[in-house]
Amino acid sequence: MTIPRRAFLKDAAAAAGLVFVGCGIDGLAAPQTARAAGAARRLVTVKGRRIKTVDVHAHCAVPKASALLRRPAATVGGDGPLALDGQTLIDRLAVMDAQGIDVSVLSINPNWYDVERDLAAQVISVQNEGLAEFCGAHADRFAAFASVALQFPELAAQQLELAMTKMGFRGAAIGGSVAGRELGDPALDPFWAKAEALGAVVFIHPQASGTAPFTNRLKGNGMLGNVIGNPLETTIALSHLIFEGTLDQFPGLKICAAHGGGYLPSYMSRSDHGCVTFPAQCTPGVPKLHPTEYVKRMYYDSLVFTPEALRHLVAEVGADHVMMGTDYPFPWVSAPVDHVLDTRTLSDAQREAILGGTAAKLLRV
Ligand SMILES: [Zn+2]
């Protein structure tokens, strides 16, 4: 007897212990899912040539890890319950098929940076095993960034090495800060050294981790903690990596920032002028290069919404440093492939790079 593909995939997701959740928005339904159910798979072409498309920004959670943390599986990033908890693999594939996404690179937003070492080690072990099992069973459609317990940098380095050398991961996903510690803190150097040595791609995703005076200003109408707090968190994270000299110390690091890098690529020239205008407030020789040189060295997802914003991001960092990202399952965007195809300032080669060419090379998918 042949098992229907849909039933098989649904069972496989359940067996691997994954649920697909998003990053910090309360109370959203899943309109993409309903819209996409039963849709045929869209095969994306550029100039008549079929290309493989890759989404580098997509979320999930491992319920067993959430149980260990005694935090609901739906709580990712500390922003409360997420309505997409329990979404099945077949739902996800239907959306990927309809949108023209061939491969999703999954990541889990850290919600374990405040726990003690033994528990953190268990959580990471369970999560990475769950992700590896799932991606191993569906290598044609899914890859993943590993989780690490970055509050213990030496442990995180070991976890990253195990994940990349034994479990098939392409890198790790981390937050924009670590339990109040900035990413440029020298305490994190063991992790950065290992990431550089392994050639890991480190995906930086913001989360609600600011101090109370900061987050209090983002309360009120409009979900400001997300719409401006998240890109600001990413801007701060990348700026510390630049201005504390981390990217000088580890020049081979491959950083990919969510949401188009937040606000940094939009206004990066100001960073070049700070130490020139006020040299007494900067450590001489740190960073070694103009800050914008480091911004151009990093990678960004394409989640900037409009053709004009994508044109500008590409103009600042280069098309070969932008990769398609959707933030799935959150319905921030419904046509991520068309966003790239419809940006008229891009050449076909640039479209192909953004839609999957660069990710395929960088992440070996
Ligand atoms: Zn996200």
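The values are calculated or read from the model by the stated rules, or taken from the named source; none is laboratory data. Predicted model, so just to flag it, every value in this text is computed and none were measured. A quick note on method: Cβ atoms are made from the backbone with ideal geometry, for glycine too, and the neighbour counts reach across all protein chains shown. When the accessible area is computed, the model is the full protein with side chains, heavy atoms only, and any ligands, DNA or RNA have been set aside. Shrake-Rupley method; radii C 1.70, N 1.55, O 1.52, S 1.80 Å.
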Single residue of 173, 157 found to be open to solvent by less than 10 Å² (accessible area, probe 1.4 Å), in contact with a strand residue (DSSP E or B) (Cβ under 8 Å, 6 or more places away or on another chain) and either of a type outside the set (Ser, Thr, Tyr) or more than 22 Å from residue 89 (Cβ to Cβ) (or both): 173
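How do the helices (runs of 4 or more DSSP H) wholly within segment 227-280 filter down when requiring 1 or more residues that are hydroxyl-bearing (Ser, Thr, Tyr), at pLDDT 95 or above and within 16 Å of the ligand (Cβ to nearest atom): which remain?
Numbers: elements: 229-243, 246-249, 269-277.
The qualifying helices (runs of 4 or more DSSP H) are 229-243.
Restricting attention to segment 292-334, and to residues there that are hydroxyl-bearing (Ser, Thr, Tyr) and touching a residue at least 60 places away in the same chain (Cβ under 8 Å), which single residue is surrounded by the fewest Cβ atoms within 10 Å (Cβ to Cβ)? Before the answer, list the steps.
So the first thing to find is which residues in segment 292-334 are hydroxyl-bearing (Ser, Thr, Tyr), and the list is 292, 294, 299-300, 302, 306, 326, 328, 334.
Going one step further and asking which of them are touching a residue at least 60 places away in the same chain (Cβ under 8 Å), we end up with 299, 326, 328, 334.
Values: 299: 22, 326: 28, 328: 27, 334: 15.
Filtering first and then ranking leaves 334.
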Among (1) open to solvent by 10 Å² or more (accessible area, probe 1.4 Å); (2) in contact with a helix residue (DSSP H, G or I) (Cβ under 7 Å, 6 or more places away or on another chain); (3) closer than 26 Å to residue 200 by Cβ; (4) at pLDDT 85 or above - the single one residue 127 does not satisfy: (1)
Pairs with Cβ under 8 Å, 6+ apart, first in segment 55-69 and of a type in the set (Phe, Trp, Tyr), second within 11 Å of the ligand (Cβ to nearest atom): none
Positions within segment 193-209 being crowded, with 22+ Cβ neighbours inside 10 Å and more than 17 Å from the chain's Cα centre (by Cα), in sequence order: 194
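Quick one: in segment 100-112, of everything that is of a type in the set (Val, Ile, Thr) and part of a strand (DSSP E or B), which residue is nearest to the ligand (Cβ to nearest atom)?
Pass one, segment 100-112, residues of a type in the set (Val, Ile, Thr): 101, 103, 105, 108.
Retained after the next criterion (residues that are part of a strand (DSSP E or B)): 103, 105.
On the way: 103: 17, 105: 12 Å.
My answer is 105.
Being of a type in the set (Asp, Glu) and under 24 Å from residue 298 (Cβ atoms) narrows it down to one residue among 154, 182; which is it? Explain how you work it out, then say what you get.
Details: 154 fails: under 24 Å from residue 298 (Cβ atoms).
Testing whether each residue is of a type in the set (Asp, Glu) and under 24 Å from residue 298 (Cβ atoms) leaves just 182.
If the requirement is being under 20 Å from residue 184 (Cα atoms), touching a Leu at 6+ places or on another chain (Cβ under 6 Å) and modelled with pLDDT of 95 or more, which of these qualifies: 294, 300?
Working: 300 fails: touching a Leu at 6+ places or on another chain (Cβ under 6 Å).
It is 294.
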Candidate set: segment 336-348, residues that are open to solvent by less than 40 Å² (accessible area, probe 1.4 Å) and closer than 19 Å to residue 95 by Cβ; chosen: the one nearest to the ligand (Cβ to nearest atom): 336
Matching residues, segment 113-166, being within 19 Å of the chain's Cα centre (by Cα) and part of a loop (DSSP other than H, G, I, E, B): 113, 139, 141, 145, 147, 148, 149, 150, 151
Answer residue from segment 312-335, given it is in a loop (DSSP other than H, G, I, E, B) and among the aliphatic types (A, V, I, L, M) and is farthest from the ligand (Cβ to nearest atom) among those: 335
Qualifying positions in segment 333-351 - within 19 Å of residue 57 (Cβ to Cβ) and of a type in the set (Val, Ile, Thr): 333, 337, 340, 343
Residue in segment 267-290 that is within 21 Å of residue 201 (Cβ to Cβ), in contact (Cβ under 8 Å) with a residue 40 or more places away in the chain, surrounded by fewer than 23 Cβ atoms within 10 Å (Cβ to Cβ) and out of contact with any helix residue (DSSP H, G or I) (no Cβ under 6 Å at 6 or more places or on another chain) present: no
